[in-house]
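Reading through the structure tokens given below for one structure.
The values are calculated or read from the model by the stated rules, or taken from the named source; none is laboratory data. The structure displayed is predicted, hence computed values, not measured ones. Cβ: placed from backbone, ideal geometry, glycine included. Neighbour counts: every protein chain shown.
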Amino acid sequence: MAMVITFAEPLTSLVFRRILRELEPTTFAKGLTNRQPMQMISVNLNPTAPQVQQSVASGMQFQKQSLVRVNDDAVTNKVVEELIADPNHILYRNMNYSRWNNICSSYWDMSSEAITSILDNVPIRTIRLEYLDRFFYEGDPEQATATGAIKQGSELVAPHIFYLTDLWHSHTGKLEKTDGENRRLFQVNIDMVDMAGPDSVSKRSIALMSAVEDRFAGGGMEGGTVGGLRATFDDLHKQVKDLFKSVVDDNMLAAVGLENG
């Protein structure tokens, strides 16, 4: 699961340093004790800009790691939660997703103060909530299809995936008007891939990325509040849950406790 807030303009170095100071104690209190500086390239593809703009930005990665068993003889450290801040966006990932209310409570405890400072200084360009789910196929990989995992007839699923037994992609989406020129993006990316399963043995699997994103037109959303962002993410959570249910087979939904109805 990932929550992303993208800024309409980069934070100044002074504001960004303050954001990092505000995040240091709150992330540490939640167990994100591993800190790593980052260098990244940002590319502005805004169609209203006179040309593509590229810049290099410094960021900070706050991570929680946990020991996981790789096989009978070895364990390794794995990142299970992270918060990334840079002058262009703030991103939170949780790889051990439990319940939405629990995740949100922890996230806002960590980030509310920093996000308040962000909202005081820059407008918001996008707000995004994204989930990645994976379904492993236990039989012969050459017989694996989308049938039984993905819902046939969904408008956001390419029909060819139900008869192909090799690797494939189905990447679709739609934009809907919300208010004024603002848009809400509904995005579904489904891939049949080969990767290591929970037992470290390579298996054929279906990776399903479902996301809902609010895009603000013009100069972005100004005058936002932490309470308003929290309400938006709660709404995106309901929307992305409905999106997931619209593309996953009913029997699979029942198996994961999300019966359609």
Residues being of a type in the set (V, I, T), farther than 15 Å from E213 by Cβ and crowded, with 16+ Cβ neighbours inside 10 Å: count how many of those fall in the stretch 238-261. 2
Of all residues in the stretch 201-237, which are of a type outside the set (D, E), surrounded by 12 or more Cβ atoms within 10 Å (Cβ to Cβ) and in a loop (DSSP other than H, G, I, E, B)? F216, A217, G218, G220, G224
Somewhere in the stretch 190-209, is a residue within 23 Å of D242 (Cα to Cα), of a type in the set (S, T, Y) and modelled with pLDDT of 95 or more? no
Answer with yes or no whether G153 is surrounded by fewer than 17 Cβ atoms within 10 Å (Cβ to Cβ) and under 21 Å from I206 (Cα atoms). yes
So which pairs qualify, if the first residue must be in the stretch 1-26 and touching a residue at least 40 places away in the same chain (Cβ under 8 Å), the second must be of a type in the set (K, R) and part of a loop (DSSP other than H, G, I, E, B), the Cβ gap must be under 6 Å, and the two must be at least 6 apart or on different chains? none
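In the stretch 98-118, how many are in a helix (DSSP H, G or I) and more than 20 Å from F62 (Cβ to Cβ)?
Residues that pass the stated criteria total 2.
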For the stretch 238-261, what are the residues that are assigned to a helix (DSSP H, G or I) and of a type in the set (G, A, S)? S246, A254, A255
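For the stretch 203-222, indicate whether the set of residues that are more than 29 Å from P10 (Cα to Cα) and of a type in the set (V, I, T) is non-empty.
Checking the stretch 203-222: at least one residue is more than 29 Å from P10 (Cα to Cα) and of a type in the set (V, I, T).
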If you take the residues of the stretch 159-169 that are in contact (Cβ under 8 Å) with a residue 24 or more places away in the chain and outside any helix (DSSP H, G or I), which of them is surrounded by the most Cβ atoms within 10 Å (Cβ to Cβ)? W168
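Hey, can you tell me all the residues within the stretch 120-146 that are farther than 30 Å from A217 by Cβ and either in contact (Cβ under 8 Å) with a residue 40 or more places away in the chain or within 24 Å of the chain's Cα centre (by Cα) (or both)?
Our first condition is that a residue be farther than 30 Å from A217 by Cβ; within the stretch 120-146, this holds for 133-146.
Result: D133, R134, F135, F136, Y137, E138, P141, A144, A146.
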Restricting attention to the stretch 131-145, report how many residues are within 24 Å of A2 (Cβ to Cβ) and part of a loop (DSSP other than H, G, I, E, B). 0
Any hit, the stretch 29-38, residues being assigned to a helix (DSSP H, G or I) and either on the phi < 0 side of the Ramachandran plot or modelled with pLDDT of 95 or more (or both): yes
